[in-house]
Amino acid sequence: MIDLGISGFFSDIKNVFSRSNVLGIDIGTTSIKLVEVSKKGENMTLENYGILETQEYLKRGNAALQTSALKLSERDVLPVLKKIISETKPKTKIVAASIPIFNAFFVTIDMPELQPKEIAGAIKFQAKQYVPIPMDQVNLEWVRLDNFQNERGQIQQKYLLTVVPLATIESMRSIFKKAGLKLAALEVENKSIARSLTSSSNPITQIIDIGSESTSIFIVDGGVVKRVAQIDNGGASLTRSLARTLDISAFRSENLKRRKGLLGSGGEYEISRALIPFIDIILNECTRIRVEYENNTNKKVQDVLITGGGANLLGIEDYVKKVTGLQIKSGDALKLFEMDVNAEPMRKSLSRSLSVASGLALQFFV
Ligand SMILES: Nc1ncnc2c1ncn2[C@@H]1O[C@H](COP(=O)(O)OP(=O)(O)OP(=O)(O)O)[C@@H](O)[C@H]1O
Ligand SMILES: [Mg+2]
């Protein structure tokens with residue numbers, strides 16, 4: 001197996017870059033987000049950020065920056081990446097970038113307790129049965145989850161495998177190189193969000209990342225991602241549903257969604273009626289995953305955090321509280337950073353948009 005190990009990329013990174021600026025770049029389905037972070041002494045500063053959204057996908061269903069294909073579309077991503085770099089003019093070329101959840105495979109497997117030296121081989125052997133790509137063409141990482149006793153009284157150990165096709169890693173490398181940047185680290189975005197929104201001392205937390213074409217839901221315990229799921233409904237589903245209901249263009253619908261959210265009253269009630277079924281799909285999946293986790297581990301999920309652009313939907317917290325009794329929180333993905341006073345009023349919405357990018361940059365410093 002060719003070792004392009006994602007974590008191997010930057011084994012010495014903290015020493016090498018601990019005093020310079022670094023970039024975190026999140027290439028999403030419909031946007032690219034960038035943060036530039038510096039550390040001086042103990043203080044980390046958000047020096048600069050950029051968010052470049054394309055709304056082309058609202059016109060043509062297939063114009064997202066990425067599809068679920070294994071390779072990133074260089075033709076679509078590279079011009080947008082170059083544009084965000086030319087507009088933000090970062091002082092460094094060193095980048096940590098994320099791989100979207102839908103470019104990775106997540107597999108949970110059970111195995112008997114094995115000797116440490118036997119584990120890697122056994123995991124690869126099992127992974128082969130679930131991953132539709134030859135094992136010499138993927139990067140494989142795993143974490144130990146809980147253990148349990150099966151019907152025959154044997155102790156079984158659960159593992160969560162994260163499998164990334166080498167083709168995806170290669171296309172990321174190529175895109176960043178062509179943009180004139182130095183790709184120093186790559187990781188799947190759930191890890192970045194877990195790093196920016198939680199710490200190892202946090203209670204068990206469910207994180208809901210409402211993106212454009214999809215929503216990712218994961219459970220983080222002690223700073224480690226223990227469950228991952230993804231559903232094909234995100235902010236764009238809300239926009240399309242509203243456009244159909246009101247028979248308006250996707251652009252007007254996007255605008256209306258952002259202005260009114262779930263708070264429309266009187267004649268505007270149609271707006272929430274078009275949006276709510278999709279929020280309910282997301283919430284049902286969240287409940288299913290929480291219940292599964294709690295039943296299998298006998299531990300309680302204590303916090304639910306919401307992030308991603310879709311989390312900016314006005315009234316979403318109150319709606320979730322009303323139907324599930326849960327108090328969802330936003331979390332502050334930028335809490336460790338000082339920032340320009342002029343950006344302070346936007347901290348909450350920036351935190352939702354930059355949770356992946358800031359988690360990426362943080363890995364250099366924490
Ligand atoms: N104020 C707002 N109210 C409601 N929705 C919003 C608001 N602002 C942004 N959104 C929605 O957020 C979504 C984009 O979220 P985000 O930027 O996290 O997506 P992405 O990272 O490009 O996609 P993904 O993570 O799925 O790859 C869009 O559907 C957009 O309509
Ligand atoms: Mg995203």
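The values are calculated or read from the model by the stated rules, or taken from the named source; none is laboratory data. Worth saying up front: this structure is predicted, and the values here are computed from it rather than measured. Don't worry about glycine lacking a Cβ; one is built from the backbone with ideal geometry, like all the others, and counts go over all protein chains shown. Surface accessibility is based on the protein's heavy atoms, side chains included, excluding ligands, DNA and RNA. Shrake-Rupley method; radii C 1.70, N 1.55, O 1.52, S 1.80 Å.
Some points to look at:
- The numbered conditions (1) within 16 Å of ligand 1 (Cβ to nearest atom); (2) open to solvent by 20 Å² or more (accessible area, probe 1.4 Å); (3) under 25 Å from Thr29 (Cα atoms) are all true for Lys329 except (1).
- Selection status of Lys124, assigned by TED's automatic domain parsing to the domain that holds Thr54, basic (Lys, Arg) and in contact (Cβ under 8 Å) with a residue 12 or more places away in the chain: no
- Against the numbered list (1) in contact with a Lys or Arg (Cβ under 9 Å, 6 or more places away or on another chain); (2) open to solvent by 50 Å² or more (accessible area, probe 1.4 Å), Gly310 comes up short only at (2).
- Within the range 287-320, being within 16 Å of ligand 1 (Cβ to nearest atom) and outside any loop (DSSP other than H, G, I, E, B) holds for Leu305, Ile306, Thr307, Gly309, Gly310, Ala311, Asn312, Ile316, Glu317, Asp318, Tyr319, Val320.
- The sole residue among Lys91, Lys124 that is part of a helix (DSSP H, G or I) and among the charged types (D, E, K, R) is Lys124.
- Residues (of a type in the set (Asp, Glu) and open to solvent by 50 Å² or more (accessible area, probe 1.4 Å)) located in the range 29-56: Glu42, Glu47, Glu53, Glu56
- From the options Glu118, Glu141, residue that is more than 17 Å from Thr297 (Cα to Cα) and in a helix (DSSP H, G or I): Glu118
- Filtering Gly211, Gly222, Gly235, Gly153 for residues that are without any contact (Cβ under 8 Å) to a residue 24 or more places away in the chain and either within 16 Å of ligand 1 (Cβ to nearest atom) or not assigned by TED's automatic domain parsing to the domain that holds Asn296 (or both) leaves a single hit, Gly153.
Residue by residue, here is whether (1) under 26 Å from Leu242 (Cα atoms); (2) surrounded by 18 or more Cβ atoms within 10 Å (Cβ to Cβ); (3) modelled with pLDDT of 95 or more; (4) assigned by TED's automatic domain parsing to the domain that holds Gly211 holds:
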residue: Asn295; (1), (2), (3), (4): no, no, no, yes
residue: Leu314; (1), (2), (3), (4): yes, no, yes, yes
residue: Glu317; (1), (2), (3), (4): yes, no, no, yes
residue: Val323; (1), (2), (3), (4): yes, no, no, yes
residue: Pro345; (1), (2), (3), (4): no, no, no, yes
residue: Ala357; (1), (2), (3), (4): no, yes, yes, yes
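- In the set (1) modelled with pLDDT of 95 or more; (2) in a loop (DSSP other than H, G, I, E, B), Ala97 fails one condition alone, (2).
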